[in-house]
Amino acid sequence: MDVERPYVASHGQSAVAVAVCHVLGFQLLPRLQASHKQRLYRPAAGYPEAYPHLQPILRRPLNWHLIAPESDNLIKYRIALRLGTADTDAILRRFTRHNVQQPTSTALLALGQARRTLFLCRYLRRRELRREIHEGLNVVENWNSANDFILFGKGGEIATKRREDQELSMLPLHLLQNALVYINTLRLQRVLSETAWVTRLTLADRRALTPLIYAHVSPSGPFLLAMLPWLDIDRALDTGPGSATAYSTPERRPPTHVRRRRAKAQQLALF
């Protein structure tokens, strides 16, 4: 699968994550909820009075000299991640805050700070980019909420760590997802084929249509309540325990060998 523009929530805006995505060849697009708290890095040192309107949000200059010496190692990690010869979690674990003194880690952090500064400038300037990220995340969050609705057993969590058991849980989930979307698509097509809805819906309404809806689905099945008939309580009391018409359990039939022994004893008593 070729990834070009992944959308993530605010927790995915770390500098290391932005740098890793840039090394892999695609751009990370996080949604910044607290945009007024974001800070930009200066492009170069020696110009403290540059950008007077941005002084309150500017930080120290970028460390460009840390990136070039580690370019070969960054390419090596890129190839390992692309080919799948190394675990992604194992590689990212090396670049945590506890390993800041490692040269490759400092280079990746500096690269992430530069790429994140460029993204913040684009994010704050372009309204269409912010709308694109919000729309993409709304689709993903709606899909995740549908998954939580379908996989309601055990709190919606996969408790096992075995890959085979996880696949057994995910395959039926995907099947139910596809069935839900397919049935909703057929229903929406039937409703939209009516003449009244053709002239009533606008272009904005049609863009908002989605087959990923589940408010009309009951995961536990329907519960039908019969409110008109009455319970025959008097009859239940007459046939209850201790009554004259109570159901009496039949006497248990003895086993075959016991019945044969009793029959022989009766024959001996006759003679």
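The values are calculated or read from the model by the stated rules, or taken from the named source; none is laboratory data. Please read these numbers as outputs of a predicted model, since none were measured by experiment. Neighbour counts are summed over all protein chains in view; Cβ atoms, including those assigned to glycine, are modelled from backbone coordinates with ideal geometry.
Couple of notes before you dig in:
- On the stretch given as segment 182-208, residues that are in a loop (DSSP other than H, G, I, E, B) and surrounded by 12 or more Cβ atoms within 10 Å (Cβ to Cβ) total 1.
- Test: H22 is without any contact (Cβ under 8 Å) to a residue 12 or more places away in the chain and over 20 Å from the mean Cα position of the chain (by Cα): no
- Test: D89 is modelled with pLDDT under 80, of a type in the set (D, E, K, R) and not in a loop (DSSP other than H, G, I, E, B): yes
- Under the condition of being surrounded by fewer than 17 Cβ atoms within 10 Å (Cβ to Cβ) and in contact with a Phe, Trp or Tyr (Cβ under 6 Å, 6 or more places away or on another chain), the residues counted in segment 38-68 number 1.
- Only residues that are under 28 Å from the mean Cα position of the chain (by Cα) and not charged (D, E, K, R) were counted in segment 80-108, giving 12.
- Of all residues in segment 9-19 being of a type outside the set (G, A, S) and touching a helix residue (DSSP H, G or I) at 6+ places or on another chain (Cβ under 8 Å), the one that is modelled with the highest pLDDT: V18
- Residue in segment 76-84 that is modelled with pLDDT under 80 and either over 12 Å from L24 (Cβ atoms) or not in a loop (DSSP other than H, G, I, E, B) (or both) present: yes
- Among the criteria (1) at pLDDT below 75; (2) small (G, A, S); (3) closer than 27 Å to Y7 by Cβ, the one A146 does not fulfil is (1).
- Cβ-Cβ under 7 Å pairs, at least 6 apart or on other chains, segment 63-82 side within 21 Å of A45 (Cα to Cα), far side part of a helix (DSSP H, G or I) and among the aliphatic types (A, V, I, L, M): N63/A110; L66/A107; L66/A110; I67/A107; I67/A110; I67/L111
- When residues of segment 20-37 are limited to those that are modelled with pLDDT under 80 and outside any loop (DSSP other than H, G, I, E, B), the one surrounded by the fewest Cβ atoms within 10 Å (Cβ to Cβ): H36
- Meets criteria (in a helix (DSSP H, G or I) and either modelled with pLDDT of 85 or more or among the polar types (S, T, N, Q) (or both)) for L120: yes
- Qualifying residue in segment 124-140 (condition: part of a helix (DSSP H, G or I), of a type in the set (A, V, I, L, M, F, W, C) and either at pLDDT below 80 or loosely packed, with under 12 Cβ neighbours inside 10 Å (or both)): yes
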